[in-house]
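> I'd like to ask you about the structure that follows.
Nothing in this text is a laboratory measurement; each read-out follows from the coordinates by a stated rule. Computed from a predicted structure; not experimentally measured. Backbone-built Cβ (ideal geometry, glycine too); neighbour counts: all protein chains shown.
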Amino acid sequence: MMKSTDISKASIIVNTIIDMEHRIFRIDEYYQPNQVWWLMHNDDSIMLDKELTAEIMQLIKTRLNERKQNCLDELEKIGVNYVDETA
């Protein structure tokens, strides 16, 4: 039987996984190949070329997937199997 602290921890981890999946979905939904995106910070911005935009989008997706995998590993350590019903 799981302790209540493990249940709470598992809930937080599952919510984090769902957030990562949502972010990846949004990138797939909005980003199209050969697009040019802008990088903005406060009142400054810079236009990225198509290649750099593609590299950044892929890097972001890779990092999100790595974080998701880390969360899945944490769940496994506390004895919880995460099942993605959308897959």
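> Relative contact order, percent, of the chain when contacts are C-alpha pairs under 8 Å separated by at least 6 residues? Numbers along the way, then the final one.
Working: 55 pairs, mean separation 30.0, N = 87.
Result for the chain is 35 percent.
> Where does the charge balance sit around Ile60 when Lys and Arg score +1, Asp and Glu -1, over other residues with C-beta under 13 Å from its C-beta? Show your work: numbers first, answer last.
On the way: positive: Arg23, Arg26, Lys61, Arg63, Arg67, Lys68; negative: Asp28, Glu55, Glu66.
Net local charge, Ile60 excluded: +3.
> Taking the 0 to 90 degree range and rounding to the nearest ten, how far is the long axis of helix 50-77 tilted relative to the main principal axis of the chain, both from C-alpha atoms?
10 degrees
> If I fit a long axis through the Cα atoms of helix 4-30 and take the longest principal axis of the Cα atoms of the chain, what angle between them do I get, 0 to 90°, rounded to 10?
Compared with the principal axis, the helix lies near 20 degrees.
> At R0 = 41 Å, how high is the FRET efficiency between Asp49 and Val14 if r is their beta carbon distance? Nearest 0.05 is fine. Please list the in-between numbers first.
Numbers: r = 38 Å, r/R0 = 0.93.
With a Förster radius of 41 Å, E is 0.60.
> What does the extension gain come out to for Asp6 and Glu76, with contour length at 0.36 nm per residue minus their alpha carbon separation?
Details: separation 70, 0.36 × 70 = 25.20 nm, distance 1.15 nm.
So the extension gain works out to 24.1 nm.
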